[in-house]
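Written below as C-alpha cells is the structure these notes are about.
The values are calculated or read from the model by the stated rules, or taken from the named source; none is laboratory data. This is a predicted model, so every value here is computed, not measured. We place every Cβ from the backbone using ideal geometry, glycine too, and count neighbours over all the protein chains shown. These accessible areas exclude ligands, DNA and RNA; they are computed on the full protein's heavy atoms, side chains included. Shrake-Rupley method; radii C 1.70, N 1.55, O 1.52, S 1.80 Å.
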Amino acid sequence: YSTLKLNRMLIVVKMMLSFFAAGSLMAVKRYLKLCQLPGYEYPLLIALATLSMFFSVSANNWVILFLSLEFQALCFLVLFAWNRRSEKAINATLKFTVINFVASTLILLALIEIILFTLLFGVVILSLIEINEFTLYLFCP
C-alpha cells in the first residue's frame, strides 16, 4: 500500500509547481538585494513549501495530506513574519497562527471521530455479517 501516487497528470502538475516556484524566486531576487535580506533563507523556504506542495498533490492518505499542508503553512508563516519591525506583519502572523490552530484542531478531531466511528461500527457490522452468514448456512443447505 503506497502513501504517495505517481502518474502522468501528477508529473505535469509537479512540473508546473516547479516552474512557478522558480519564477517566484527569479521575481523576488531584486527585492532581496534591495532590502539587504539574507539570500539563502527565502529560497530555502520556497523550496520547502514547493516540496510540501509535491507531497500534498501526490498524497494518497489523509494523514499525509494533512501533514504536508501543515508543513506548507509553517513555511508561509515564516514568510508572513519576515519583516519583524512591521506591526501589520506581526498582526498577520498572529491571526494566521490562531486560525491555523483552530482549523488544524477541527480537522484532527474530525479524523479521530471518523476513525473511532469506523472502528466501532465496523466491528459491529462485521459481527452482524458473520451472524447472518451463519444463520444463512443453517437455514440454506
### Message
So, in the stretch 90-141, how many residues would count as being among the small types (Gly, Ala, Ser) and either surrounded by fewer than 10 Cβ atoms within 10 Å (Cβ to Cβ) or modelled with pLDDT of 80 or more (or both)?
### Response
4
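The rows are residues; the columns are (1) modelled with pLDDT of 85 or more; (2) open to solvent by less than 70 Å² (accessible area, probe 1.4 Å); (3) on the phi > 0 side of the Ramachandran plot; (4) not in a helix (DSSP H, G or I).
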residue: LEU6; (1), (2), (3), (4): no, no, no, yes
residue: SER18; (1), (2), (3), (4): yes, yes, no, no
residue: GLY23; (1), (2), (3), (4): yes, yes, no, no
residue: ILE64; (1), (2), (3), (4): no, yes, no, no
residue: GLN72; (1), (2), (3), (4): yes, yes, no, no
### Total residues in the stretch 48-77, condition within 16 Å of LEU25 (Cβ to Cβ) and β-branched (Val, Ile, Thr)
1
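A quick yes/no check of all residues on (1) under 19 Å from ALA49 (Cα atoms); (2) in a helix (DSSP H, G or I):
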position: LEU77; (1), (2): yes, yes
position: TRP82; (1), (2): yes, no
position: ARG85; (1), (2): no, no
position: ILE90; (1), (2): no, yes
position: THR93; (1), (2): yes, yes
position: PHE96; (1), (2): yes, yes
position: VAL102; (1), (2): no, yes
position: ILE107; (1), (2): no, yes
position: ILE112; (1), (2): no, yes
### Task
Determine whether the stretch 66-83 contains at least one residue that is hydroxyl-bearing (Ser, Thr, Tyr) and farther than 28 Å from THR105 by Cβ.
no
